[in-house]
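Shown next, in structure tokens, is the structure this report addresses.
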Amino acid sequence: MSAAEPVDTAVPAAAPRPPSGPRMTEQVLRVIVPIAMLVALVALWHWYVVAYNVPHYILPAPERVAQAMIEDWPTLSGALFVTLKITFAALAIALVGGVLIAVLLAQSKWIEIALYPYMVILQVTPIVAIAPLILIYAPTTQSALLICAWIVAFFPVLSNTTQGLKSTDHNLLNLFELYGASRWQTLFLLKLPAALPYFLVGLRIAGGLALIAAVVAEFAAGSAGAGSGLAFRILESQYRLNIPRLFAALILLCATGVAIFFATSLVSHLLLRKWHESAIRREN
Amino acid sequence: MSPASAPSPRDRSIVRLEHVAKTFSNGTVALADLNLDVAEGEFLSLLGPSGCGKSTALRIIAGLGEPTSGAVAWPKAMYDASGKPEAEIGFVFQEPTLMPWATVFHNVWLPLRLKGVSKAAARTRVAEALEMVGLEKFSAAYPRELSGGMKMRVSIARALVTRPRLLLMDEPFAALDEITRQKLNDDLLKLYKQFGFTVLFVTHSVFESVHLSSRIVVMAARPGRVIDDIAIEAPYPRDRAFRTSPLYAEYCRRVSDSLVAAIGATDHL
């Protein structure tokens with residue numbers, strides 16, 4: 001096999017071409033269409049409130065919500081920070097714990113048979129139903145919220161990673177066995193990289209769920225005072241009929257959820273874009 | 001070079017299967033009393049219908065799964081501290097079996113890496129292996145950027161990077177198109193001539209086996225057993241002239257008849 005010979009008829013590993021013509025237009029439209037849609041919806045909202053003279057304690061106009069957002073920012077930003085802290089702490093512990101337990105389960109069929117049922121029980125019991133008990137056992141309300149958010153976020157990471165670890169290509173496993181790979185080599189060089197796409201799906205689900213669970217747990221805890229998160233501010237606004245502030249808090253929650261979704265999707269894209277089918281643009 | 005005309009293959013065998021039988025847990029008898037000598041330097045093909053246990057035999061030699069009874073002997077191998085023979089084998093699967101997340105370089109480095117060879121120390125050997133298969137320019141490419149034939153070349157480079165004495169190939173070109181397959185057959189023969197390793201090649205193609213082999217062992221199924229052993233006494237290099245010669249046609253007829261007998265012996269497909 002001399003070097004000068006042309007190899008097969010394959011395309012070489014060409015660098016992706018810069019976007020041109022229709023690709024470019026599509027990329028611009030991908031940004032413009034969602035923004036235009038948002039502007040249209042806000043305009044419709046505004047028109048409805050003005051045209052039907054809706055009182056602001058039923059449905060505030062968009063500008064009133066914006067005003068509330070600015071005026072109440074000190075309160076809201078503090079609450080947002082508390083919610084974010086619980087969400088990300090829970091997500092971080094869920095990622096580490098989920099992966100570690102998945103690796104443990106993948107080591108032996110018997111460990112899996114012994115432990116998996118309890119993982120499922122944790123997952124299927126509604127978090128609102130366990131929250132009161134956790135509030136009794138946990139030393140502080142904050143740690144109770146953290147535990148609740150963790151329980152919810154941890155399962156998708158665990159179940160996806162476990163599935164990924166078990167789905168390793170059998171031929172590659174044979175290859176590693178053939179070359180006398182140790183257990184650790186097989187784990188780090190083969191099983192974990194092979195499970196990465198599955199783990200990343202778990203991460204995307206867990207990111208969203210961690211935020212939801214942090215909010216739900218705070219509702220269940222009914223905590224109040226200076227150290228409380230967005231959930232409490234929403235309840236408080238409801239009691240006081242401060243609907244503009246309720247909307248502002250809700251918008252912050254939505255924005256956080258969307259930001260988490262984009263961040264996890266970006267991480268996923270960056271890690272998979274070089275090799276995984278899901279990240280490759282299909283062209284026929 | 002005519003390794004087929006070895007007078008006493010026992011003295012020269014690199015691996016020997018002695019009364020090997022394999023029964024799977026579901027009761028299928030994959031192999032029954034298989035005796036096989038692979039002589040050093042020969043190109044031996046195992047040819048037979050599906051289910052004749054040719055791949056199973058190859059896997060047993062590779063150490064993937066123990067035989068139910070019988071033994072695998074390595075007369076020439078060194079024995080390591082744990083008493084296991086250091087078989088010095090390379091294995092090429094039917095699929096390229098590359099790690100999709102790793103570049104060509106990392107894929108070829110793998111066998112050395114598993115033995116503790118660092119990236120820097122492996123660089124030259126990986127480059128040499130890639131040059132052997134004509135892919136030295138593709139070391140940074142990912143498997144998905146390569147064609148089927150190129151992926152198979154990477155797989156061959158990976159098998160050769162440890163400089164094995166015995167190359168085990170399990171229907172490596174079966175999934176490739178005819179043109180690519182012909183090219184890879186020619187290239188494999190060049191490497192075989194150049195480096196002098198022994199090849200044990202599993203195939204179900206009569207034409208491929210006659211083109212490549214110095215000896216063909218024909219197997220029948222249910223239970224897997226050897227029914228014929230044919231030496232192909234034609235000199236290497238075997239180029240296009242050989243593939244269009246009357247001698248080639250004659251051998252193909254001979255092997256084909258034997259394969260028909262093997263299928264007849266199974267009597268259901």
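The values are calculated or read from the model by the stated rules, or taken from the named source; none is laboratory data. All figures in this text were calculated on a predicted structure; none of them were measured in a lab. Neighbour counts run over all protein chains shown; Cβ positions are idealised from the backbone, glycine included.
Taking the listed residues B:LEU189, B:LEU168, the one that is over 16 Å from B:CYS52 (Cα atoms), surrounded by 22 or more Cβ atoms within 10 Å (Cβ to Cβ) and modelled with pLDDT of 90 or more is B:LEU168, with no other qualifying. Assess whether B:PRO96 counts as being within 24 Å of B:LEU64 (Cβ to Cβ) and in a loop (DSSP other than H, G, I, E, B). Judged against the criteria, B:PRO96 is a match.
Number of residues in the stretch A:231-284 that are more than 14 Å from chain B (Cβ to nearest Cβ), out of contact with any Gly (no Cβ under 7 Å at 6 or more places or on another chain) and among the polar types (S, T, N, Q) equals 6. Scan the stretch B:233-240 and give yes if some residue there is closer than 28 Å to B:GLY51 by Cβ and among the small types (Gly, Ala, Ser), otherwise no. Among the residues of the stretch B:233-240, not one is closer than 28 Å to B:GLY51 by Cβ and among the small types (Gly, Ala, Ser), which makes the answer no. Restricted to the stretch B:41-61, and to residues there that are closer than 16 Å to B:SER13 by Cα and within 14 Å of chain A (Cβ to nearest Cβ), the residue that is surrounded by the fewest Cβ atoms within 10 Å (Cβ to Cβ) is B:LEU58.
Residues checked against (1) under 25 Å from the mean Cα position of the chain (by Cα); (2) among the small types (Gly, Ala, Ser); (3) at the interface with chain A (Cβ under 8 Å from one of its Cβ atoms):
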site: B:GLU95; (1), (2), (3): yes, no, yes
site: B:ASN107; (1), (2), (3): yes, no, no
site: B:ALA121; (1), (2), (3): no, yes, no
site: B:LEU130; (1), (2), (3): yes, no, no
site: B:SER147; (1), (2), (3): yes, yes, yes
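All of B:PHE242, B:PHE195, B:PHE173, B:PHE207 fail the test of being surrounded by 15 or more Cβ atoms within 10 Å (Cβ to Cβ) and within 24 Å of B:VAL126 (Cα to Cα), apart from B:PHE173. Right, A:TYR52: of a type in the set (Ser, Thr, Tyr), over 30 Å from A:PHE232 (Cβ atoms), free of Cβ contacts under 8 Å to residues at least 24 places away in the same chain and out of contact with any Cys (no Cβ under 9 Å at 6 or more places or on another chain) or not? Taking the combined requirement at face value, the residue satisfies it.
The rows are residues; the columns are (1) touching a residue at least 24 places away in the same chain (Cβ under 8 Å); (2) touching a Gly at 6+ places or on another chain (Cβ under 9 Å).
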residue: A:PRO117; (1), (2): no, no
residue: A:ALA129; (1), (2): no, no
residue: A:PHE154; (1), (2): yes, yes
residue: A:ASP169; (1), (2): yes, no
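Does B:VAL218 fit the bill of being buried (at least 20 other Cβ atoms within 10 Å of the Cβ) and among the aliphatic types (A, V, I, L, M)? Here the answer is yes, as B:VAL218 does meet what is asked. Being buried (at least 22 other Cβ atoms within 10 Å of the Cβ), under 18 Å from A:ILE127 (Cα atoms) and more than 14 Å from chain B (Cβ to nearest Cβ) holds for only one residue in A:LEU203, A:LEU209, and it is A:LEU209. Here A:PRO19 fits the description: within 30 Å of A:GLY207 (Cβ to Cβ), surrounded by 11 or more Cβ atoms within 10 Å (Cβ to Cβ), over 27 Å from the mean Cα position of the chain (by Cα) and modelled with pLDDT under 90.
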